[in-house]
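To start, the structure itself, in structure tokens.
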Amino acid sequence: MSNNTHSFKDRVVVITGAGGGLGKVYALEYAKRGAKVVVNDLGGSLKGAGHDARAADLVVQEIQKSNGIAVANYDSVTDNAGNIIKTAIDNFGRVDILINNAGILRDVSISKMSPQEFQSVIDVHLNGAFKITRAAWPYMRQQNFGRIINTCSPAGLFGNFGQANYSAAKLGLVGFAETLAKEGHRYNIFVNSIAPLARSRMTENVLPPHILKQLGPEKIVPLVLHLTHEQTKVTNSIFELAAGFYGQIRWERSSGQIFNPTNPASFTPEAILAKWKAITDYKDKDFNTTQHPVQLADYNDLTEKAKKLPVQNDQGNIKVTSLKNKVVIITGAGGGLGRSHALWFAQYGAKVVVNDIKAPDTVVTEINAKYGQGSAVADTHNIITESAQIIEGAIQKFGRVDVLVNNAGILRDRSFAKMTQQEWDAVMQVHLIATFAMTKAVWPVFLQQKGGYIINTTSTSGIYGNFGQANYAAAKAAILGFSKTLAVEGLKKGIRVNAIAPHAETAMTKTIFGEKELKNHFDASQVSPMVVLLASDELQILNKADRGVTGQLFEVGGGWCGQTRWERSAGYVALGDSITPELIRDNWSEITNFSNGKTIHPKSTEESSMAILQRVQKATLSQQSSSGSSSDSSVFNYTSRDCIIYNLGLGSTSSELKYVYENDPKFQVLPTFAVIPYMQSIVSLDMDNLVDNFNFTMLLHGEQYFKLGSYPLPTNGRLKTVAKPLQVIDKGGKAAVIVGGFETYDVKTKKLFAYNEGTFFIRGAKVPSDKVISNKRAPFATQSYSAPDTKTPDFETTVSTGKDQAALYRLSGDYNPLHIDPAVAKSARFPTPILHGLCTLGITAKALYERFGQFDELKVRFTNVVFPGNKLKVRAWKEGSLVVFQTIDVDRDVVVLNNCAIRLVEKAKL
């Protein structure tokens, strides 16, 4: 191989789970480039059952047939990880690259998930990665070279319904990798995480076929090969990749808000609530900036600035009263943060269960003395093995449980090179497994009560990694991933789940605090007001428009409160099937570019994945449009055949020859065909650059207007559409509106075919002042056409749509799988595929056209969906040349088209 090519000659690569999917493709590509490969695979089922050596053997045989070098290993990462590395040493004398790829699934909702289903996924993904990495680490240190890849997942980054175990394990791997990167840097050991969305055994039963086609594992491998090459100096980074998209994702921490913490009577939940917007706005402030950190905030600086503020913090005008008589369980509450939380909750009228395996009685006595007998009770049950008894005891004493604060923890800090299995396991048990056990026990109570709050305690070590805390960082990151899935599952059940990363001096943290931190005395009471607020109804009501506060992460301490979220680069899209590590290397600056104003902040697995696929689709269309001056890719060609297909898609039948037979003297295409040519040009509006936080999955087609250039429309032609944004407007910071204007004209004659205006709502997007556009629109498009409440319609008809209506209409160019694929419809929370909105428009307009004749302008607002097979009732009121109309789905009794009108031409049936 040339010096410009990534060669892995004589490098020894260990790949777990390499018998198929991603692992197999890794193995084949490394071997092709000269590496010596250990192909590890237990040969079990997707759920981890069974053992079959053939999976690994077949990959080794394929490599050897191509004159590559490989050996098979059949050990489990959970039971004999050390032997996997021993296989590399015995056969090749070293280990250079470790790909932690092995995995299983045990997908089930938290309410049905057993402890075994949770533990088994943690064991294979997270504990297995620890064991094999621990075995490889001494060799990498001795060689002064190592490259490690931990395989995360979008489910770990964002949470995903039914994957609480998987989410925990996968984000735990990120926290683990971040710590390894910090400890390994001096030894030239670089560690990174990837979150791939790839076609594999684990995804083929989850994702619909049309998406799976784009998700070949061969598109994941080039990035991993580049990251693990000896010339690549990238470490402590996370990447999302799928379908040829490659982007870096990183933490973004808000500048937050500071409060004077010296007076507990003034640093309260109310004070934080009054400044909530400042905490979450991600705007730079005079005391702090929005950051993209790899470590905790400068708490010493922030608390010193906070203490210079007026002692009396603004309390706002909302009093937190919702916690009165609520029942709160706090684990590890015998001292430190837990004790402080318990006192604060009691102060706000809550009944507190003080759980601590050692000595909760002192705290209980303190609370009852301050706030009255019966305000608190002690509990000494084990949070791992006796979690159900803790919940049962609370219900027996107080009749209910409203809030669970998972706070208990231990430290077993040690450099990774010296960390024992016992030290790893102990931290995992007390932090992660206990959090699962307590949540699992309280979840049915919350479901029955139709609500509840969970506040889980993560750590800045979990978010950013920390030297000497591989166990703690992995456990705390896993808790964060777990929390994100809980928030997804609990959203519609009234269960709110958030995570805090506290900075406080406690018996547990005192040993790792520096002299300056000890001097500043970060009291636990400076964290508790945020915990109390996160358990309050007042916070949820304030943020009701944003579906409340859940699934979020906050860093808190010393009088400072900040929020932390993900930020992803716009990334790079490589098109075609031949994607190489060299291509990744040559476009690295684009993959990691966060300064081009095109970053996004995905909040969910669906949002992230769809944004990636949208980016790939946009790049594909862009390539097609610029493939050469002789290309017709930007031209819309159509014939009588296309007209017939369109008319059939709107319900035309063989008895209507003028719509379905090209030789009929009156052959014509229906007027609403005007919307078809412009649809392929919507992408040229470049919506993701027009607004901030654009996400295709959040886009709704709100209104449609068109004016015909001539009529009747020609039944064949070559058309071109020119698109431009007419209006870009912010809707209170919660959504954006984009109105596009589209002129479609005949390529040869230059005559106008039709002019369209499409109005699109993008939920969650924002429009900063410098992006606002406000150009003139067609007057007919902006007028309001309300259906009369009292006047009898001048025309009313019922039209039956066909069960196959969407399948036929899509042939006119809208191939969105939402209209044909049940799996996609289900993922969008529809019971079955829905009818195209423009098909509903066309069916309605056909009925109006046949009753009133030719029209040249039309405007509609889409207000609800239609399912194929449903009946539509069209109601119309005519005044002169104007016909106002409305369409109702009869089967569901909902208005689906509203604020609608057509303008008749002079020769129409006036």
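See the values below:
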{"item": "Selection within the range 799-808 - within 31 Å of the chain's Cα centre (by Cα) and either surrounded by 18 or more Cβ atoms within 10 Å (Cβ to Cβ) or polar (S, T, N, Q) (or both)", "result": "806"}
{"item": "Some residue of the range 783-792 being at pLDDT below 95 and hydrophobic (A, V, I, L, M, F, W, C)", "result": "yes"}
{"item": "Yes/no for residue 344 being touching a Pro at 6+ places or on another chain (Cβ under 8 Å) and at negative phi", "result": "yes"}
{"item": "Of the criteria (1) at pLDDT below 95; (2) over 35 Å from the mean Cα position of the chain (by Cα); (3) surrounded by 24 or more Cβ atoms within 10 Å (Cβ to Cβ), which one residue 22 fails", "result": "(2)"}
{"item": "Residue 527 being more than 19 Å from the chain's Cα centre (by Cα), hydrophobic (A, V, I, L, M, F, W, C), more than 30 Å from residue 162 (Cβ to Cβ) and modelled with pLDDT of 95 or more", "result": "yes"}
{"item": "Given (1) more than 30 Å from residue 6 (Cα to Cα); (2) at pLDDT 90 or above, number of the condition residue 589 does not satisfy", "result": "(1)"}
{"item": "Pairs where the first residue, in the range 232-253, is assigned by TED's automatic domain parsing to the domain that holds residue 97 and free of Cβ contacts under 8 Å to residues at least 24 places away in the same chain and the second is in a strand (DSSP E or B) and of a type in the set (Ser, Thr, Tyr), C-beta under 9 Å, 6+ apart", "result": "none"}
{"item": "Number of the condition not met by residue 290 [criteria: (1) in contact (Cβ under 8 Å) with a residue 60 or more places away in the chain; (2) closer than 30 Å to residue 572 by Cβ]", "result": "(1)"}
{"item": "Any hit, the range 414-427, residues being touching a residue at least 12 places away in the same chain (Cβ under 8 Å), farther than 26 Å from residue 129 by Cα and touching a Ser or Thr at 6+ places or on another chain (Cβ under 9 Å)", "result": "no"}
{"item": "Scan of the range 657-672 for residues that are assigned to a loop (DSSP other than H, G, I, E, B) and within 48 Å of the chain's Cα centre (by Cα), ordered by number", "result": "668, 669, 670"}
{"item": "Near pairs, Cβ below 6 angstrom, 6+ apart or cross-chain, from the range 60-81 (free of Cβ contacts under 8 Å to residues at least 60 places away in the same chain) to any residue that is of a type in the set (Lys, Arg)", "result": "69/36; 81/131"}
{"item": "Failed item in (1) in a helix (DSSP H, G or I); (2) touching a residue at least 40 places away in the same chain (Cβ under 8 Å); (3) over 23 Å from residue 529 (Cα atoms), with residue 448 passing the rest", "result": "(2)"}
{"item": "Matching residues, the range 685-719, being charged (D, E, K, R) and part of a loop (DSSP other than H, G, I, E, B)", "result": "686"}
{"item": "Subset of the range 105-128 that is closer than 21 Å to residue 424 by Cβ and in contact with a Ser or Thr (Cβ under 7 Å, 6 or more places away or on another chain) - its residue that is surrounded by the fewest Cβ atoms within 10 Å (Cβ to Cβ)", "result": "123"}
{"item": "Which listed residue, of 107, 79, 90, is at pLDDT below 95, more than 16 Å from residue 170 (Cα to Cα) and not aromatic (Phe, Trp, Tyr)", "result": "79"}
{"item": "Residues within the range 310-344 that are under 16 Å from residue 528 (Cα atoms), touching a Lys or Arg at 6+ places or on another chain (Cβ under 8 Å) and among the hydrophobic types (A, V, I, L, M, F, W, C), tallied", "result": "3"}
{"item": "Where a residue in the range 584-610 is of a type in the set (Asp, Glu) and its partner, wherever it lies, is surrounded by fewer than 21 Cβ atoms within 10 Å (Cβ to Cβ), with Cβ under 6 Å and at least six apart", "result": "607/697"}
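The values are calculated or read from the model by the stated rules, or taken from the named source; none is laboratory data. Values in this document were obtained by computation on a predicted structure and should not be read as measured data. We place every Cβ from the backbone using ideal geometry, glycine too, and count neighbours over all the protein chains shown.
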